[in-house]
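The structure under discussion appears below in the form of structure tokens.
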Amino acid sequence: YMKGVRASEEGTIEEAIVKIAKAANLNPAVDLYWRDLAQLFLAKANQIASDQSLPADTRGQQTGVVVNNTIEAAKRAVERNPANVANWNVQGFIYRSLIPMQGAAEFAMRSYEKSQALEPASPFPWTELGRTKILQAQITKDQQLFEEALVNLYKAVDLKPDYAPAHYLIA
């Protein structure tokens, strides 16, 4: 695992994935391994999707495979430790990053709602839920989602009046 973390810090995503996947397979009960692996897969998917040297169909195929690995790793983290708010936050981030993929926004919102239930005094999940609703509203042009996003963001500010990310999104 630590070799994978070092590889990630050095920017060698592929090596980091191999090392952390090995740790996760050796000890699949550790949610941290799956959570980190999900984030590495997402970085790899972004890398592939932006690689203009690959033909479009190859880029799409490879990105699809890595996105599936991303989702699976995030789900495994939550399954291993559903009481860990970090697992729900990462799963929410993964799904939010996959918007406009069908169903991604709903999965992101459910993940952040679970995070809110586990850590009701934190402004973070309220802000991220608001951010997710803003992204979804921009795609669907649904004014109701913008209004719901504001409710979530004001809730974050109520919990922590100086919480800059919420203020930024409100503005």
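Testing Trp126 on (1) touching a residue at least 40 places away in the same chain (Cβ under 8 Å); (2) crowded, with 17+ Cβ neighbours inside 10 Å; (3) within 24 Å of Leu37 (Cα to Cα), one condition comes back false. Which one is that?
(3)
Is it true that Thr127 is among the hydroxyl-bearing types (Ser, Thr, Tyr) and out of contact with any Leu (no Cβ under 9 Å at 6 or more places or on another chain)?
Judged against the criteria, Thr127 is not a match.
Right, Glu14: open to solvent by 60 Å² or more (accessible area, probe 1.4 Å), among the acidic types (Asp, Glu) and touching a residue at least 24 places away in the same chain (Cβ under 8 Å) or not?
Details: open to solvent by 60 Å² or more (accessible area, probe 1.4 Å): yes; among the acidic types (Asp, Glu): yes; touching a residue at least 24 places away in the same chain (Cβ under 8 Å): yes.
Here the answer is yes, as Glu14 does meet what is asked.
Please state which one of Ala108, Ala49, Ala56 is modelled with pLDDT of 95 or more and either touching a Leu at 6+ places or on another chain (Cβ under 7 Å) or hydrophobic (A, V, I, L, M, F, W, C) (or both).
Ala108
Looking at Pro100, Pro82 in this structure, which one is over 26 Å from Tyr33 (Cβ atoms), outside any helix (DSSP H, G or I) and touching a helix residue (DSSP H, G or I) at 6+ places or on another chain (Cβ under 9 Å)?
Values: Pro82 fails: over 26 Å from Tyr33 (Cβ atoms).
Of Pro100, Pro82, the one residue that is over 26 Å from Tyr33 (Cβ atoms), outside any helix (DSSP H, G or I) and touching a helix residue (DSSP H, G or I) at 6+ places or on another chain (Cβ under 9 Å) is Pro100.
If a residue has to be in a loop (DSSP other than H, G, I, E, B), modelled with pLDDT of 95 or more and not charged (D, E, K, R) to count, how many in region 144-171 make the cut? Step through it out loud before you land on a result.
Within region 144-171, the first condition is being in a loop (DSSP other than H, G, I, E, B), and the residues that meet it are 160-163, 171.
Keeping just the survivors that are modelled with pLDDT of 95 or more gives 160-163.
Now restrict to residues that are not charged (D, E, K, R): 161, 163.
The number of residues fulfilling the criteria is 2.
In this structure, does Asn46 turn out to be open to solvent by less than 50 Å² (accessible area, probe 1.4 Å), of a type in the set (S, T, N, Q) and in a helix (DSSP H, G or I)? I'd like the intermediate steps shown before the answer.
Working: open to solvent by less than 50 Å² (accessible area, probe 1.4 Å): no; of a type in the set (S, T, N, Q): yes; in a helix (DSSP H, G or I): yes.
Considered against the rule, which asks whether it is open to solvent by less than 50 Å² (accessible area, probe 1.4 Å), of a type in the set (S, T, N, Q) and in a helix (DSSP H, G or I), Asn46 comes out as no.
Test Lys133 against the stated conditions and say whether it is surrounded by 22 or more Cβ atoms within 10 Å (Cβ to Cβ), touching a helix residue (DSSP H, G or I) at 6+ places or on another chain (Cβ under 6 Å), in a helix (DSSP H, G or I) and of a type in the set (D, E, K, R). Break it down stepwise before answering.
Details: surrounded by 22 or more Cβ atoms within 10 Å (Cβ to Cβ): yes; touching a helix residue (DSSP H, G or I) at 6+ places or on another chain (Cβ under 6 Å): yes; in a helix (DSSP H, G or I): yes; of a type in the set (D, E, K, R): yes.
Considered against the rule, which asks whether it is surrounded by 22 or more Cβ atoms within 10 Å (Cβ to Cβ), touching a helix residue (DSSP H, G or I) at 6+ places or on another chain (Cβ under 6 Å), in a helix (DSSP H, G or I) and of a type in the set (D, E, K, R), Lys133 comes out as yes.
The values are calculated or read from the model by the stated rules, or taken from the named source; none is laboratory data. Here the structure is a predicted model, which means the values were calculated and not measured. Note: ideal-geometry Cβ built from the backbone for every residue, glycine included; neighbour counts use all protein chains shown. The accessibility values were calculated without ligands, DNA or RNA, using every heavy atom of the protein model including side chains. Shrake-Rupley method; radii C 1.70, N 1.55, O 1.52, S 1.80 Å.
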